[in-house]
1. Would you point out the residue of region 32-80, among those that are among the β-branched types (Val, Ile, Thr) and closer than 15 Å to PHE145 by Cβ, that is most open to solvent (accessible area, probe 1.4 Å)?
2. I'd like the full set of residues that are farther than 17 Å from THR23 by Cα, open to solvent by less than 30 Å² (accessible area, probe 1.4 Å) and of a type in the set (Ser, Thr, Tyr), limited to region 85-126.
3. Taking the condition of being surrounded by 21 or more Cβ atoms within 10 Å (Cβ to Cβ) and closer than 16 Å to GLU112 by Cβ, how many residues in region 1-31 meet it?
4. Looking only at region 142-159, decide whether some residue is in contact (Cβ under 8 Å) with a residue 24 or more places away in the chain, closer than 27 Å to ALA11 by Cα, open to solvent by less than 80 Å² (accessible area, probe 1.4 Å) and of a type in the set (S, T, N, Q).
5. Only one of (1) in contact with a Ser or Thr (Cβ under 9 Å, 6 or more places away or on another chain); (2) without any contact (Cβ under 8 Å) to a residue 12 or more places away in the chain; (3) in a loop (DSSP other than H, G, I, E, B); (4) hydroxyl-bearing (Ser, Thr, Tyr) is not met by SER131, so which one is it?
6. Does TYR40 satisfy the criteria of being outside any loop (DSSP other than H, G, I, E, B), touching a helix residue (DSSP H, G or I) at 6+ places or on another chain (Cβ under 9 Å) and aromatic (Phe, Trp, Tyr)?
7. Looking at ALA16, ALA62, ALA11, ALA82, can you tell me which residue is touching a residue at least 40 places away in the same chain (Cβ under 8 Å) and under 22 Å from ILE130 (Cβ atoms)?
Amino acid sequence: MDTRERILKAAKELFAEKGYDKTTVDEIVERAGVAKGTFYNYFKSKEELIKIVALQSLPYSAIREELEKEYESLTEFLHSIAKAYIVYYCDPILRSLFFYTLAVRSKIKEVEEIHRTFCTEAISKGAKKISQLANVDEKTAMVVFKAFYGALFSRLVFAEYSCTPDVDYVSELIKLIEKSLKN
C-alpha cells in the first residue's frame, strides 16, 4: 500500500470512529505511520481529505462503473446495480462513513455539494438507462430509479447487513418494477 493509500485508510478509519470534525491530522498521520509533512505532500488540508473520503463513501462510487456499461435488459441492469451497491457496502468502514456523511452533509458545505452533484449524476444516468432499456419516458424512469435506489438504501439501513446480495429481495424488487412498467 502506497503512502497516499495508507493516509486515506487511516483517515477513513478515524473518521468512521470519531467523525470528520473530531479527527485531527496528527491522529491521521500517527495511525498511517507517516510524518505530518508527508500528509501535506499528498493533501492540501484535512478538508480536502474529507471531500475525498466523503465522495468515496457515497453510493455513486459503488455503482459508477455499472452505470457506464451496456446492458441487454432492464433486469440485467438492475441486478448489476444492486450487486455493486451491496458488495461495496460490505466494508463496515464505508457503511459507517456513508451514514456519517449523510448526517453531516448539511453542516459541511463541500460535502453537501459533493453529495448533491454525484447523487444527481447517478440518478440521471440510472434513469437514462431505465428509459432506454424499458422504453419509458424519462420522468417515469427517474421515479423508477429513485425508488430502486431508495429500496437499496433501505436494505442497507434496516436489514442485518450481509455481503451476499439478497437475491430474493432484489429479484422481488425487480419483478415489482417490471410489472409496474408493463401496466
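1. THR75
2. Answer for region 85-126, where residues must be farther than 17 Å from THR23 by Cα, open to solvent by less than 30 Å² (accessible area, probe 1.4 Å) and of a type in the set (Ser, Thr, Tyr): TYR85, TYR89.
3. Number of matching residues: 1.
4. The answer is no; no qualifying residue exists.
5. Here SER131 meets the rest and fails (3).
6. The answer is yes for TYR40.
7. Exactly one residue qualifies, and that residue is ALA82.
The values are calculated or read from the model by the stated rules, or taken from the named source; none is laboratory data. Note that the coordinates shown come from a computational prediction; the quantities given were computed from them, not determined experimentally. Neighbour counts are summed over all protein chains in view; Cβ atoms, including those assigned to glycine, are modelled from backbone coordinates with ideal geometry. Accessible surface areas use protein heavy atoms only, side chains included; no ligands, DNA or RNA. Shrake-Rupley method; radii C 1.70, N 1.55, O 1.52, S 1.80 Å.
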